Amino acid sequence: MILFAYAGNMDTDKFSKNVPSAKKIGVGKLPGYSFIFNTTAEDESSKANVVPSFEPDAMVWGVLIDIADDEKDKFFNPDPTTNDLTLENVNILDEHDNIYPAVVFIAKPHAENTHLLPYDWYQQKILKLAGEAGLPENYIKQVALLPAKSDPDEQRAAKRRKNL
């Protein structure tokens with residue numbers, strides 16, 4: 001199976017610690033979707049999500065990761081009572097417009113919000129990973145322009161920034 005990874009899952013080194021078969025194929029884009037921070041997190045912030053969009057130029061960039069089918073349970077918990085995400089089938093285009101059937105994490109409707117912002121350290125992490133992955137500069141700048149907030153837990157924020 002191929003996973004289209006965006007946000008924190010673009011860290012393929014960390015991802016492969018839990019999913020040993022995970023191998024980066026390359027950079028890809030998901031047309032017809034927008035990147036947004038609207039998934040409710042336990043820490044009173046928002047996490048990344050992708051949502052369908054009717055904007056003609058809507059596109060989410062990320063990383064294509066090849067994963068052995070028998071390792072799906074190492075990164076996805078299908079239990080509807082404990083998981084706020086679903087895996088949806090999508091078609092991803094690579095940098096040469098080759099099509100890859102893939103799956104992508106999308107927040108379930110009950111987990112979405114319109115009132116929370118991501119913490120700035122989380123946004124910085126995503127920007128760092130996007131740069132390391134080789135995503136287009138224009139796209140990275142768009143994500144950088146999305147609003148974020150300071151984390152009121154200074155110890156958590158310092159720890160997260162140190163890991164950047």
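Name the residue farthest towards the positive end of the dipole of region 1-64 from the options Phe15, Phe35, Val60, assuming +1 on Cβ of Lys and Arg, -1 on Cβ of Asp and Glu, about the Cα centre. Positive-end residue among those listed: Phe15. Where Rh denotes the Kirkwood radius from the mean inverse Cα pair distance, what is Rg over Rh for region 1-85? Across region 1-85, the Cα-based Rg/Rh ratio is 0.98. In the chain the Cα-Cα distances spread across 10 Å bins starting at 0 as 10, 38, 40, 11, 0 percent of all pairs. Compute the Rg/Rh shape ratio of region 43-96: radius of gyration over Kirkwood radius, all on alpha-carbon atoms. Result: Rg/Rh = 0.99.
Spin-label model, Glu44/Gln124: points 7 Å from Cα along the beta carbon direction are separated by 2.1 nm. 3J(HN,Hα) couplings calculated from phi for region 106-118 with the Karplus curve 6.51 cos²θ - 1.76 cosθ + 1.60 (θ = phi - 60°) are, in sequence order, 9, 5, 6, x, 5, 9, 8, 9, 10, 10, 9, 10, x Hz; Gly and Pro show x.
How much of the DSSP beta bridge set in the chain is antiparallel, as a percent to the nearest 5?
Percent antiparallel among DSSP bridges in the chain is about 90.
Residues whose amide H lies under 5 Å from that of Asn38, counting only those 5 or more places away or on a different chain, are Lys47, Asn49; hydrogens are built 1.01 Å from N in the peptide plane. Computed from the C-beta positions of Asp153 and His96, the FRET efficiency with R₀ = 41 Å rounds to 0.40. With a cut-off of 14 Å between beta carbons, the residues surrounding Tyr6 carry a summed charge of +2, where Lys and Arg count +1 and Asp and Glu -1.
Since every read-out is calculated from the coordinates, none of them should be taken as a lab result. Nothing here was measured: the structure is a model prediction, and the numbers come from that model. FYI the Cβ positions are ideal-geometry reconstructions off the backbone, even for glycines, and counts take in every protein chain you see.
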